[in-house]
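The values are calculated or read from the model by the stated rules, or taken from the named source; none is laboratory data. Here the structure is a predicted model, which means the values were calculated and not measured. Cβ placement follows ideal geometry from the backbone for every residue including glycine, while neighbour counts extend to all protein chains displayed.
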Amino acid sequence: MLLKKNHVVAIDIDDIKIKLIYLKQYRGKYELIETISLETPPDTVINGIILEPQILGERIGELVRDYKLTGKKTITAVSGSQIYIKNLLMPKMKHTDLRQAVQFEATKFLPVPVPEMVIDIFPLKNTVTENGLKTELFFVAIRRQQIENLEKCLKIANLNLKIIDLKPLAINRIIANPKNYSVKALLNIEASRSDFSILNGENLLFYHPFGLGYLDLDKDVEEDHDNYKQEIINEVVRSLEYYNNEYQMYPETIIITGYSQIDNVSKLQQLIKDNIFDNVQIGEVNSNLVNPHKISEFPSPQFQTEYMLTLGLAIRGGL
């Protein structure tokens, strides 16, 4: 019974692929039981937003039945332009009162009405200021429709959704950090979109999604490559400048994740080094966290990159 409680399904749904990992936790290690991927049904997910939860849920449900995962505890993630994050400094108060106060504060900066959002807060630390004791907190808001469509999709698939995470946090959880950088940036490149985030330890400080993906980088036309290169450089520069204006500092490193074509990602790494930032790395899974002996392809860089996000989700679900 103990092992059953520590079984978890992690699922990453994007415009092109659905990736699923089935994992169990045992004696402080994580054993991968299954890795599954399939093409996302056409027009069901656009820019990371689920538009057809019924069709998508039925397709995922076929996998759930085939692999006998019905009712398994499940964790997934959201990303994209439907997410709004902010670090806030609020007066010190009880958590229930703080949640109510943040609802009012959010009316000042959210671009849509607060009732249309699902809001959560994560207190980070208390700070003494000239105006008294304050609480620094991480604020996240997601379009309610996006959450409802995700919940409906996984309910139709007969999965037991327990946690909805943010993609940068999941990647940060699993990624190797050999020099123990305190402040790092993640450039996560997916099929049709990407995002640039900056974290201090486990705290997400900055998040910027943009509509460029590895499909742009994989095009054969040289002119398209040049346009992509310039656009991604512009996005990274804007993100770094915004972060520096806010925090008067830069991250210690930029880590590229999500993109599995190693030749092209190495070229992108060199491009950023030459034009923006000296310390750029290609992300690798923290091998201390995962016991991969049942999956022969796990050591390959391509596998690590493709399943990094899903592994990060699975580990949170297994904690």
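Looking at segment 108-132, I want the residues that are at positive phi and not assigned by TED's automatic domain parsing to the domain that holds residue 94 and have a partner that is among the charged types (D, E, K, R) and not in a loop (DSSP other than H, G, I, E, B) with Cβ atoms under 8 Å, at least 6 apart or on another chain. Which pairs are those?
none
Does residue 66 fit the bill of being loosely packed, with under 12 Cβ neighbours inside 10 Å and more than 26 Å from residue 211 (Cα to Cα)?
For residue 66, the condition - loosely packed, with under 12 Cβ neighbours inside 10 Å and more than 26 Å from residue 211 (Cα to Cα) - is met.
Exactly one of (1) surrounded by 13 or more Cβ atoms within 10 Å (Cβ to Cβ); (2) at pLDDT 85 or above is unmet by residue 274. Its number?
(1)
With 177, 200, 158 as the choices, which residue is out of contact with any Asp or Glu (no Cβ under 8 Å at 6 or more places or on another chain) and at positive phi?
The conditions single out 158.
Would you check if there is a residue in segment 63-76 being outside the structural domain of residue 186 (by TED's automatic domain parsing) and modelled with pLDDT under 90?
No, that holds for no residue.
Return a yes/no flag: does segment 94-103 have any residue that is surrounded by fewer than 15 Cβ atoms within 10 Å (Cβ to Cβ), assigned by TED's automatic domain parsing to the domain that holds residue 252, more than 29 Å from residue 7 (Cβ to Cβ) and among the polar types (S, T, N, Q).
No, because not a single residue in segment 94-103 is surrounded by fewer than 15 Cβ atoms within 10 Å (Cβ to Cβ), assigned by TED's automatic domain parsing to the domain that holds residue 252, more than 29 Å from residue 7 (Cβ to Cβ) and among the polar types (S, T, N, Q).
Since residue 126 meets every condition but one in (1) within 30 Å of residue 261 (Cα to Cα); (2) in contact with an Asp or Glu (Cβ under 9 Å, 6 or more places away or on another chain); (3) exposed (fewer than 12 other Cβ atoms within 10 Å of the Cβ), which condition does it not meet?
Of (1) within 30 Å of residue 261 (Cα to Cα); (2) in contact with an Asp or Glu (Cβ under 9 Å, 6 or more places away or on another chain); (3) exposed (fewer than 12 other Cβ atoms within 10 Å of the Cβ), only one is false for residue 126: (1).
Condition check ((1) modelled with pLDDT under 95; (2) surrounded by 22 or more Cβ atoms within 10 Å (Cβ to Cβ)) across all residues:
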position	(1), (2)
133	yes, no
140	yes, no
145	yes, no
150	no, yes
154	no, yes
177	yes, no
181	yes, no
188	yes, yes
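Scan segment 145-174 residue by residue and report those that are in a helix (DSSP H, G or I) and among the β-branched types (Val, Ile, Thr).
Once the filter is applied, which keeps residues that are in a helix (DSSP H, G or I) and among the β-branched types (Val, Ile, Thr), segment 145-174 yields 147, 156, 171, 174.
Any idea which residue in segment 69-93 is surrounded by the fewest Cβ atoms within 10 Å (Cβ to Cβ), counting only those that are assigned to a loop (DSSP other than H, G, I, E, B) and in contact with a strand residue (DSSP E or B) (Cβ under 7 Å, 6 or more places away or on another chain)?
Looking at the filtered set, the residue picked out is 71.
Taking only pairs six or more apart or across chains, which ones have beta-carbon atoms under 7 Å, a first residue in segment 207-230 that is at negative phi and outside the structural domain of residue 241 (by TED's automatic domain parsing), and a second residue that is at pLDDT below 60 and aliphatic (A, V, I, L, M)?
Final answer for the pair search is none.
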